[in-house]
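Quick note: the coordinates plus some simple rules give every number you see, no bench work behind them. Every value quoted in this text rests on a predicted model; they were computed, and no experiment measured them. Virtual Cβ from ideal backbone geometry, glycine too; neighbours counted across all protein chains shown.
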There are 2 protein chains.
Amino acid sequence: MLSPRQYKDVICEHFAHVAKALGSAKRIELLDLLSQSPRRVEGLAQLTGMSVANTSQHLQVLRGAALVEADKAGSFVTYRLAGPDVAALLVEIRHVAESRIAEVDRVTRRFLAGREGMERVDQETLVDRIRRGEVTLLDVRPSEEYEAGHIPGAISVPLSELKKRLRTLPKDEVIVAYCRGPYCVLAMEAVGLLSAKGFQAARLEDGVQDWRARGYAVALGGALQRRAARA
Amino acid sequence: MLSPRQYKDVICEHFAHVAKALGSAKRIELLDLLSQSPRRVEGLAQLTGMSVANTSQHLQVLRGAALVEADKAGSFVTYRLAGPDVAALLVEIRHVAESRIAEVDRVTRRFLAGREGMERVDQETLVDRIRRGEVTLLDVRPSEEYEAGHIPGAISVPLSELKKRLRTLPKDEVIVAYCRGPYCVLAMEAVGLLSAKGFQAARLEDGVQDWRARGYAVALGGALQRRAARA
DNA sequence: CCATCATTCAATCGAATGCTTGAATGTCGT
DNA sequence: ACGACATTCAAGCATTCGATTGAATGATGG
């Protein structure tokens, strides 16, 4: 028979276990990447700059806390978030940290200060214009992430292909680029390139998960649908 | 000049710092108590069963992560949550853990199995009836917690005083008791007592923070207002 | 069946964490 | 100013964690 004290201890231990899994910068980074799209171990290792063994180890901590799940196909293991609520939890932690820890904002400003043409735009009205379809919206992440979920109306133009596809973009309309979220540099670089080429470009700081957290829908799928839509 | 990699590392380190502060059962317990009402170190130590020194140490970890704030009045230090978003974060972690970790549910069932008259009630319809004011709603936490925030319409009947005040409660109406949340035993014990005395009693599993997380208002203050309302 | 590759396991080491104990700080009432 | 009290600090100890290395597992392809 469990005493109330024991019961509470057991339960809190489980909650703490989940939190502990989030208590490492590398694991936060892994979850952030996985909230964009499922990925294999090697890909995650490369994107985070860790060794494969170390990455695998962290992934298993996350799996132990039931924050990610793994699918094995042949000798490849693909990890993915255990559910959208995990992404929501990440967003929540970000918000708490942003609003309380002054240095997050300080470092961000310092980082942005070094980049050209990155004056900050009013994000609220930007979101409104995007929702009304009044701008051209670019998803500059790798296409696999686009396919795993993107903002409705966005077209996939991975940063690596942006240069090639410049001519297909309108010069008389505002172009908005977004990527993985406020701490991802892809959209910044895209806006830098676009501005240099004379486009009117702005950056949306939200990523797909922030968009979802606002309560807006997220579009799935990709290549097939896109090709069909063009035809 | 910060490289994107360095920038991301620094930012993630801060997020992880917040999560790490949540990564201990004792600290979760402290935050849970503080989400009910501000408290002094000694009170927290007593409620959690920790030594005062240890409690103070944990509180400072939480303060280092900007999750709690402290007010010093004389030689007393009162800690409180840094903001409602911290409570929301706690609720979010609970939800993730509940939905993913089977053992949380298992342990809860086992715990409830040992208690009499604790068949689970449909919480959704209960919430509706409470919102419409169709039931008598008891807040059985200590009165200081009631005063720091309670569900509108609830009356404060601390568990310790319930016996004395039985005669003031209606027998022909359903009585709903709530306390700190799903893992707090106060409301269970209240319902047990009420049932034994022939009342129609039910337990609301939500605490004030869950109620707030549903988007409903929370009433503040206490003794003065209640007396005024009765007069 | 062997070589290759993706992933995991196991062992190790230094660093960080959690709890205890006893002393130090700082405030209040007398 | 002194003693009582709430809280914090500091040192010590066992435990855990994070990263590295090298080996093991298990599937694939010739």
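Taking a label point 7 Å from Cα toward Cβ, how far is B:ILE155 from its twins in the other copies, in nm, shortest first?
In ascending order, 6.7 nm.
Radius of gyration and Dmax for the protein assembly as shown's Cα atoms, expressed in Å?
Just the Cα atoms of the protein assembly as shown yield Rg and Dmax of 25.4, 81 Å.
Between helix A:186-196 and chain A, what is the angle of the helix's C-alpha long axis to the longest principal axis, kept within 0 to 90° and rounded to the nearest 10?
So the inclination is approximately 10 degrees.
Taking C-beta distances below 4.7 angstrom as the pairing criterion, name the unpartnered cysteines of chain A, in sequence order.
Taking the Cβ cut-off of 4.7 Å, the unpaired cysteines of chain A are A:CYS12.
List, in order, the whole-Hz ³J(HN,Hα) value for each residue of region A:78-94 obtained from phi through the Karplus relation with A = 6.51, B = -1.76, C = 1.60 and θ = phi - 60°; use x for Gly and Pro.
Result, rounded to whole Hz: 9, 9, 8, 4, 6, x, x, 5, 5, 4, 4, 5, 4, 4, 4, 4, 4.
Could you name the lysines whose alpha carbon sits less than 23 Å from that of A:LYS20, not counting residues in the same chain fewer than 8 places away?
Reachable lysines: A:LYS8, B:LYS8, B:LYS20, B:LYS26.
Apply the Karplus parameterisation 6.51 cos²θ - 1.76 cosθ + 1.60, with θ equal to phi minus 60°, to every residue of region B:14-25 and state each ³J(HN,Hα) to the nearest whole Hz, in sequence, with x for glycine and proline.
Per-residue couplings from phi come out as 5, 4, 5, 4, 4, 5, 4, 4, 7, x, 8, 4 Hz.
Under 5 Å between amide hydrogens, which residues at least 5 positions from A:VAL77 or on another chain qualify, with H placed 1.01 Å from N in the peptide plane?
Close amide H contacts, sequence-distant or interchain: A:VAL41.
I'd like the per residue volume of the convex hull spanned by the Cα atoms of region B:53-97, given in cubic angstrom.
So the per-residue Cα hull volume is 77 Å³.
In nm, one decimal, shortest first: how far is the label point of B:ALA73 (7 Å from Cα along Cα to beta carbon) from the matching points in the other copies?
6.1
In a Gaussian network model over chain B where Cα atoms closer than 10 Å are linked, find which of B:SER35, B:SER156, B:SER24 has the largest mean-square fluctuation.
Taking springs between Cα atoms under 10 Å, the residue moving most is B:SER24.
Under 23 Å from the Cα of B:LYS197, which lysines turn up, not counting those fewer than eight places away in the same chain?
The qualifying lysines are B:LYS163, B:LYS164, B:LYS171.
Suppose only helical runs count, i.e. DSSP H with n ≥ 4. What mean residue ellipticity at 222 nm does that imply for chain A under -39500 (n - 2.57) per run, divided by all residues and rounded to the nearest 500 deg cm²/dmol?
-15000 deg cm²/dmol
Collect residues whose amide H, placed 1.01 Å from N in the peptide plane, falls under 5 Å from the amide H of A:VAL174; neighbours closer than 5 in sequence don't count.
A:THR136
If you wrap region B:111-172's Cα atoms in a convex hull and average its projection over all directions, what's the area in nm²?
5.5
Please compute the Kirkwood hydrodynamic radius of chain B from all pairs of different C-alpha atoms, in Å with one decimal.
19.3
Taking θ as phi - 60°, what are the ³J(HN,Hα) couplings along region A:147-157 by the Karplus curve (6.51, -1.76, 1.60), each to the nearest whole Hz, with x for Gly and Pro?
3J(HN,Hα) across region A:147-157, in whole Hz: 5, 6, x, 8, 6, x, x, 6, 10, 8, 9.
Please enumerate, by chain and number, the aspartates and glutamates with C-alpha under 17 Å from the C-alpha of A:LYS72, excluding those fewer than 8 residues away in the same chain.
Output for A:LYS72: A:GLU42.
Seen from all sides and averaged, what is the projected area of the convex hull of the Cα atoms in region A:4-85, in nm²?
Orientation-averaged projected area of the Cα hull: 5.9 nm².
For region B:27-52 and region B:89-163, write down the distance between their C-alpha centroids in whole Å.
Their Cα centres are 19 Å away from one another.
Taking A:ARG106 in one copy and the same position in all the others, each labelled 7 Å out along Cα→Cβ, what are the pairwise distances from the first, in nm, shortest first?
Spacings between copies for this position, smallest first, are 4.7 nm.
With everything on Cα atoms, drop me the angle between helix A:52-64 and the longest principal axis of chain A, reported from 0 to 90° to the nearest 10.
60
Taking all pairs of distinct Cα atoms, average 1/r, flip it, and tell me the Kirkwood hydrodynamic radius of region A:116-230 in Å to one decimal place.
With all distinct Cα pairs of region A:116-230 included, I get 14.1 Å.
Remind me, relative contact order of chain A in percent, using alpha carbon pairs under 8 angstrom and six or more residues apart?
The normalised contact order for chain A reaches 16 percent.
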